[in-house]
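Down below is the structure, laid out as structure tokens.
The values are calculated or read from the model by the stated rules, or taken from the named source; none is laboratory data. Not measured: the values here are computed from a predicted model. Here the Cβ positions follow ideal geometry from the backbone for every residue, glycine too, while neighbour counts run over all protein chains shown. In case anyone asks, the SASA skips ligands and DNA or RNA and just uses the protein heavy atoms, side chains included. Shrake-Rupley method; radii C 1.70, N 1.55, O 1.52, S 1.80 Å.
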Amino acid sequence: GRAVTLEDYINLVYRMPSQFGAVKKCHVIRDVDSFKRNLNLYVLSEGSDGKLTKANIALKNNLKTWINRYKMINDTIDILDAEIVNVGIEFELVSYSSSNKFDVLEAATRILRKKLNEKVFSIGEPLYITDIYTILNRVAGVADTTNVKIVQKDSNQYSQIGFDVDFFTSPDGRYIAIPQNAIFELKFPSIDIKGTVK
């Protein structure tokens with residue numbers, strides 16, 4: 001009944017009884033700077049608006065008590081806040097000449113918003129730009145998706161963490177990596193996804 005692997009710890013977090021609080025997202029990594037079996041457990045909870053938010057102290061304390069029942073004796077656990085990186089998407093399309101450009105743009109924007117609104121990233125999970133191209137290119141009336149740009153959203157309504165999109169973009173431009181203690185969030189799909197059509 002002890003947690004041995006990193007996956008065991010993740011499952012343990014999600015199995016915590018609801019009366020102690022709920023963790024929406026968690027990720028466990030070994031602390032490479034520690035000489036012991038120290039684990040860093042990054043957590044986030046969900047706000048009343050359904051958006052990601054940092055876990056409060058009570059939840060973290062309850063989680064620590066819960067984990068201590070099942071952890072290996074030699075393991076030490078640090079429960080830490082994961083960072084939220086809010087992003088937006090800007091895209092450019094070319095429509096078929098026989099299609100109404102405005103209808104194509106509206107359909108593409110609606111479908112992309114729906115797909116990405118259903119997508120919940122995991123902590124440390126990259127954002128695959130190629131998936132966005134695939135979604136858009138399948139929309140009726142779209143001849144080609146010529147550009148997809150990921151931008152950080154960092155006004156007062158969003159997380160204030162600094163994140164260099166260009167630095168974390170893969171050399172081939174196929175995906176954007178993220179540190180193992182952070183998570184992508186498309187916070188307001190209705191305004192964070194914008195497109196143009198030619």
Grab the Cα-Cα distance for Glu118 and Glu92, subtract it from 0.36 nm times how many residues apart they are, and report the gain in nm with one decimal.
7.2 nm
How far apart, in nm, are the 7 Å Cα→Cβ label points at Asp78 and Asp164?
2.3
Nearest-ten-degree value, helix 57-68 long axis tilted from longest Cα axis of the chain:
60
Solvent-accessible ranking of Phe102, Phe91, Phe188, largest area first, probe 1.4 Å
Phe102, Phe188, Phe91
Label corresponding to semi-axes √(5λ) of the Cα gyration tensor in Å when calculated from the structure given, among (1) 26, 18, 16; (2) 39, 17, 14; (3) 31, 23, 13:
(2)
Computed lengthening from Asn38 to Tyr70, 0.36 nm per intervening residue step minus Cα-Cα distance:
10.0 nm
Any idea what the dipole of region 120-181 comes to, in debye rounded to 20, about its Cα centre with Lys/Arg Cβ at +1 and Asp/Glu Cβ at -1?
160
Ignoring ligands and nucleic acids, what accessible area does Lys51 show with a 1.4 Å probe (Å², nearest 10)?
40
Among the listed pairs Lys25/Lys194; Lys36/Lys64; Lys60/Lys153; Lys60/Lys114; Lys153/Lys187, give every one whose C-alpha distance is greater than 21 Å.
Lys25/Lys194; Lys60/Lys153; Lys60/Lys114
Roughly how much of Arg69 is accessible, in Å² to the nearest 10, using a 1.4 Å probe?
130
Amide H partners (placed H, <5 Å) of Arg37, local residues excluded:
Thr76
Quick one: what do you get for region 127-182 if you divide its Cα Rg by 2.2 N^0.38 Å?
1.35
Leaving out ligands, DNA and RNA, and with a 1.4 Å probe, what % of the accessible surface on the chain is carbon or sulfur?
50
The chain accessible area per residue, 1.4 Å probe, protein heavy atoms, integer Å², reads 57
Report, largest value first, the span of the C-alpha coordinates of region 1-81 along each principal axis, in whole Å.
40, 27, 20
